[in-house]
Every structure is written in C-alpha cells, then in structure tokens.
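Enquirer: Okay, handing you the structure first.
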Amino acid sequence: MAHRRRVEEEQPLERLFRLVQDGQLRPLQEQLGRAEPSSSWRVKTGCPGRGGDTLLHSAARHGHRDILAYLVEAWELDIEASNRDYKRPLHEAASQGHRDCLLYLLKRGAAVDCLKKGDWTPLMMACTRKNLEVIQDLVEHGANPVLKNKDGWNSFHIASRKGDPVILQYLLTVSPTVWQTESKIRRTPLHTAAMHGCLEAVELLLERCHYEPDSRDQCGITPFMDAVQCGHINVAQLLLEKHKACFTAKDILGAQALHKAAVTGQDKAVRFLVTDLGVGVDERVTLTHYTALHYAAKEGHTNTVKTLLSLGADLESKDGRNRSALHLACAGQHLACIEFLLQCGLKDCPDITGTLAQDLIKNQDILYYFDQKMA
C-alpha cells in the first residue's frame, strides 16, 4: 500500500516537471491550482525530483523565465535550493546560457559565487560555453574569475578550453592577473588552449600573458607537446615562432613530442617533426629506450608505423628490455600491426628474459595467424 501511495504521488509530480520542461505555464498553473492541500508542502519545498532537482532547476535549465518567476513569486520556491550535486538554479541558467533566467535570479538576490559539486561556480559553468553576455552579467554582479574548482581550474582556464579570444580578452580586462593560474597538476591555460587547437586563443595568450617557454605540467608535458600529440601543427608552429618552444623537450619519463605523436597516431605531426624540424626518427625515451616505432606498435597505429619506416626508422630497434616493435604489437593484440611488421621482415627474437613476441599473444586467432606465418 505504501508503494502504491508513492506511485500515486509521483505521477502528478512527473506531470509538473514535464509541464515546466515544455514551458507550459497556464497548464502548470491549472495543475498546481488543483493540487490537494496535503501536497502543497511538496510544491513549497520545490518538488524534489530525480537527482534532487526542484521545479526551479528545471525551469532555469530549459530557459523558461515566466515559469521561473511564477514559481518564485506565487509559490515562494527557494532560489538557493540545491540538488544532490549542490547545483542551484543559477548554475543551470549559466551553464545553458539562458540570460533572462540568469538575470531574474540575480535580481532576486541569488548568490553569484555559489558552489556545486567539485566547487564549480556559475561563472565557471558559463565559461564552458561561448556566451560572452552571460559571463559579463555574472561578473558585473560580482562573480570572481579567480576562484578555483577542486581541480585548480579558474574561469579563465576553463574558458581557454573553448578558446574564444573575445571571452578571454574580456576576462583579462576585468581581472588582469587571472592568467596566472595552474591546475593541481600544474597545467596552465596555455597547455589547455594548445591541446584543443585553439589557435586564436594561443595567439592571445602569447601576446597578453607571460607564460614561461616550455612550462611543464606535473608529468613534464609542455604546451608544444600537447599541440603535437593532438595533431595541431599550426599551434605547434606558432609556439615555435612566438614562444621559442623547444621541440626536443622531454617529459619526466624522457619522452619527446615525437613519441607523443606516435602514441596518438598523428602521422602529419610525425612528418612535421622529422622532416621539417629534423628530429631524429629513432630518438629514444630515457626511461624505457622506446623509439617512436615502439609506441606506434604498442598502440596499434599501423599507418604511423608505416610513416615512421618511410622516414627511415630502424625496423629492428630494441628497447631497454631488448624488445622490438613486434613484442609491443603482440602484447597489445594488434593483428594488423603484427601482420605489417612481419611482412616488412621483422623477425621474432627473445627479450632479456627469453620471452618471444609470440609468447605475449593471448588472442587465439592472432596466435594461429602468427604460427602459420612463422611455419
């Protein structure tokens, strides 16, 4: 019986949320006008639904200012109500770019720097989108651009991921030192803009900010490495020309940009590094002695293996454990890559423990192919 009562209560509640979501103000008013006195308290407390959302969360999320105002003014719903992620209606309006809802909530006194789960402010949420007016509204109502979330990202850092130069320029104007920030793993906005290929943003950051050339994150990654491993050659070129980036810089394992490009299968970036910049195609990682060929085989990037070999890579190069690219391709169960390496004439041989590449194969179909090929 208790379960049946809960179901009966949930059905009208679901209808309310659907009406709010669809922007049906008059039907919503009629529905609430017919509400039983015993259920009025649920409306007063915001009618928490899935995830703890209230009707205000739904109205703000879907951009229905008229419904938002009705619920606040007629039913006195709390504009600071939070759901299970501590997200408030202002977060919803900011993240979805609903300026009219945002301005209404701010006018009603909503806390501009309220925090949701992960310590995200509404301004941070707004900076995940290219909506300058919403960002301006929040800042003009006192939002603080230098606040950081739990990962150490401030609003400027978040905006650098989208890379809108107008938004970045605005944030620098209202808070000139906002660029002086690192995440908890020491990544800068320049790292982020470079990784996402935001050329105009990188140009602005190099012009307006003062990042050190080859600034490194916790893993030793530089913005140049980020650009290269994601295939953004134009950004990499800009960092070389305007930032004097070092294209042979190494991370904490001793890997260079060439190795990063091989890991992600960025063939054009590999050619750029070797052909245009003169990076040695068989450069080794300090810790493992991997070459780019090892990395490409490990990840199963057959086309990158072909590219590296066409650039003169040593097919028989061995790492610090005397393993060839064939060992790594077999360990990764990459049949196409194994086939190509064998076709190129690479022979199986034991590593320093006596393990053959064939011994690393777990897939029976690949093992059968290997046995047939070696027979």
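The values are calculated or read from the model by the stated rules, or taken from the named source; none is laboratory data. Given the structure is predicted, the values throughout are model-derived calculations rather than measurements. Please note: Cβ atoms are built from the backbone with ideal geometry, for glycine as well, and neighbour counts cover all protein chains shown.
Enquirer: For the stretch 171-185, which residues satisfy the criterion of being surrounded by fewer than 18 Cβ atoms within 10 Å (Cβ to Cβ) and either under 21 Å from the mean Cα position of the chain (by Cα) or within 15 Å of Ala126 (Cβ to Cβ) (or both)? Outline the logic, then answer.
Expert: We begin by selecting, within the stretch 171-185, every residue surrounded by fewer than 18 Cβ atoms within 10 Å (Cβ to Cβ); these are 173-177, 180, 184-185.
Selection gives Val174, Ser175, Gln180, Lys184, Ile185.
Enquirer: Write out, first by first residue and then by second, each pair whose Cβ atoms fall under 7 Å of each other, whose residues are 6+ apart or on separate chains, and whose first residue, in the stretch 164-178, is on the phi < 0 side of the Ramachandran plot and of a type in the set (Val, Ile, Thr) while the second is surrounded by fewer than 18 Cβ atoms within 10 Å (Cβ to Cβ) and at pLDDT below 95.
Expert: Hits for this filter: Ile167/Lys130.
Enquirer: Within the stretch 305-358, can you find the residues that are outside any helix (DSSP H, G or I), buried (at least 16 other Cβ atoms within 10 Å of the Cβ) and of a type in the set (D, E, K, R)?
Expert: Answer for the stretch 305-358, where residues must be outside any helix (DSSP H, G or I), buried (at least 16 other Cβ atoms within 10 Å of the Cβ) and of a type in the set (D, E, K, R): Lys318, Asp319, Arg323, Asp348, Asp351.
Enquirer: Could you check the stretch 291-340 and list, in sequence order, the residues that are of a type in the set (Phe, Trp, Tyr) and under 29 Å from the mean Cα position of the chain (by Cα)?
Expert: Tyr295
Enquirer: Just name the residue that is modelled with the highest pLDDT out of those in the stretch 278-304 that are surrounded by fewer than 17 Cβ atoms within 10 Å (Cβ to Cβ) and under 22 Å from Cys219 (Cβ atoms).
Expert: Looking only at the stretch 278-304, we keep the residues that are surrounded by fewer than 17 Cβ atoms within 10 Å (Cβ to Cβ), and these are 278, 280, 282, 286-287, 289, 303.
Going one step further and asking which of them are under 22 Å from Cys219 (Cβ atoms), we end up with 286-287, 289.
On the way: Thr286: 95, Leu287: 94, His289: 98.
Only one residue tops the list, namely His289.
Enquirer: Filter the stretch 207-217 for residues that are under 19 Å from Ala159 (Cβ atoms) and surrounded by fewer than 19 Cβ atoms within 10 Å (Cβ to Cβ) and give the result. Give the derivation first.
Expert: Here is the first cut: in the stretch 207-217, the ones under 19 Å from Ala159 (Cβ atoms) are 207-211, 215, 217.
Hits for the stretch 207-217 are Glu207, Arg208, Cys209, His210, Tyr211, Ser215.
Enquirer: Using the structure shown, decide if Thr121 is closer than 18 Å to Val178 by Cα, crowded, with 22+ Cβ neighbours inside 10 Å and in contact (Cβ under 8 Å) with a residue 24 or more places away in the chain.
Expert: Numbers: closer than 18 Å to Val178 by Cα: yes; crowded, with 22+ Cβ neighbours inside 10 Å: yes; in contact (Cβ under 8 Å) with a residue 24 or more places away in the chain: yes.
So Thr121 fits the description; yes.
Enquirer: Return yes when Lys116 is among the basic types (Lys, Arg), surrounded by 17 or more Cβ atoms within 10 Å (Cβ to Cβ) and either under 23 Å from the mean Cα position of the chain (by Cα) or farther than 15 Å from Ala59 by Cβ (or both) and no when it is not. Walk me through how you get there before you give the answer.
Expert: Values: among the basic types (Lys, Arg): yes; surrounded by 17 or more Cβ atoms within 10 Å (Cβ to Cβ): yes; either under 23 Å from the mean Cα position of the chain (by Cα) or farther than 15 Å from Ala59 by Cβ (or both): yes.
Answer is yes for this residue.
Enquirer: Cβ-Cβ below 9 Å, separation at least six or inter-chain, first residue in the stretch 252-266 and in contact (Cβ under 8 Å) with a residue 24 or more places away in the chain and in a helix (DSSP H, G or I), second of a type in the set (Ser, Thr, Tyr) and surrounded by fewer than 18 Cβ atoms within 10 Å (Cβ to Cβ): which pairs?
Expert: Ala257/Thr248; Leu258/Thr248
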